[in-house]
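Notes follow once the structure below has been shown.
Values quoted throughout were computed directly from the atomic coordinates according to the rules given, and no laboratory measurement underlies them. The structure presented is a predicted model; accordingly, all values stated were derived computationally and were not measured. Backbone-built Cβ (ideal geometry, glycine too); neighbour counts: all protein chains shown.
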């Protein structure tokens, strides 16, 4: 049984802890707001612990703190980390590289950098991850086993993780905007709001599920819906006039550029 510690039990840290709790892992939780950690422990069957003891006894330590305070968090636990030869540090701090974390520690150890999105809350997350050379294949297998109920994992070159996160990490916000706009279109045509939202949500879910299940290119699936001279192609024309695709591409680009500015 793996011991898995979570330092920071906010929205993302808490969601990942819930996913890991569905495995046979033993979970330790730590947060500056003790009540938050206690409530989560009660919910998932974990135990609260101070950060030093958590680090000394955990196999995997998920560091769920904001980028602005990660240096302080690492400073607090680095001595305890050095004492734990089996420890693997998992950071989810946006824009903070593995090399930067190594410099904060002052020594080398297995480090995994992850960028999950909010859908891990329902087991459908997209979790990007990168590793340093200290992370063996066995560690990666154990890591994947721990997060199997969180969603899909994909290893990526760390140099691309920020750009990829502009798609998977920021993307949900763009999708929610589309869902709401789709529902608004229905409301404008007389459909009650609750029904319009249900139709829009299920349509987006179904469309994504079909794309994944078939492996077909989205353009091919779009064409399958567009009958010559039909209603759908008229709507597609309206979206093209509104430069929907260019706007979405710009949104991803702007999100990535903002990440680069924050890193500087």
**OP:** Compute the length gained on full extension between residue 177 and residue 249: take 0.36 nm times their separation in residues and subtract their Cα-Cα distance, giving the result in nm to one decimal.
**Re:** 24.5 nm
Original post:
Once the mean 1/r over all distinct Cα pairs of region 121-181 is inverted, what Kirkwood radius in angstroms do you read off?
Top reply: 13.0 Å
Original post:
Taking a spot 7 Å from the Cα of residue 256 along the direction of its beta carbon, which residues of region 166-182 have an amide N less than 19 Å from it?
Top reply: 166-175
**OP:** For residue 44 and residue 99, calculate 0.36 nm times their separation in residues minus their Cα-Cα distance, and state this gained length in nm to one decimal.
**Re:** 16.5 nm
Original post:
Ranked highest first by the average count of other Cβ atoms within 10 Å around their residues, in what order do 211-217, 122-128 fall?
Top reply: 122-128, 211-217
Original post:
Can you sort 99, 49 so the residue with the fewest Cβ neighbours within 10 Å comes first?
Top reply: 99, 49
Original post:
For the chain, what is the mean residue ellipticity at 222 nm derived from helices alone (per DSSP H run of n ≥ 4: -39500 (n - 2.57); sum divided by total residues; nearest 500 deg cm²/dmol)?
Top reply: -17500 deg cm²/dmol
Subject >> Hydrodynamic radius by Kirkwood, which averages 1/r over all alpha carbon pairs of region 171-263, in angstrom >> reply: 15.1 Å
Subject >> Mean Cβ neighbour count within 10 Å, used as a protection proxy, ranking 12-22, 166-176 highest first >> reply: 12-22, 166-176
**OP:** Specify the angular offset, from 0 to 90 degrees and rounded to the nearest 10, of the alpha carbon long axis of helix 244-263 from the longest principal axis of the alpha carbons in the chain.
**Re:** 20 degrees
Subject >> Principal-axis tilt of helix 34-44 within the chain, Cα atoms, nearest 10 degrees >> reply: 70 degrees
**OP:** Tell me the label-point distance for the pair residue 209, residue 188, using the 7 Å Cα-to-Cβ offset, in nm and rounded to one decimal.
**Re:** 2.8 nm
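If you rank 226, 103 by fewest surrounding Cβ atoms within 10 Å, what's the result?
Listing 226, 103 from fewest to most nearby Cβ atoms yields 103, 226.
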Original post:
Say each of residue 154 and residue 198 gets a label point 7 Å from the Cα, pointing the same way as Cα to Cβ; how far apart are those two points in nm?
Top reply: 3.3 nm
Subject >> Helix axis angle, 70-83 relative to the chain longest principal axis, alpha carbon, degrees >> reply: 50 degrees
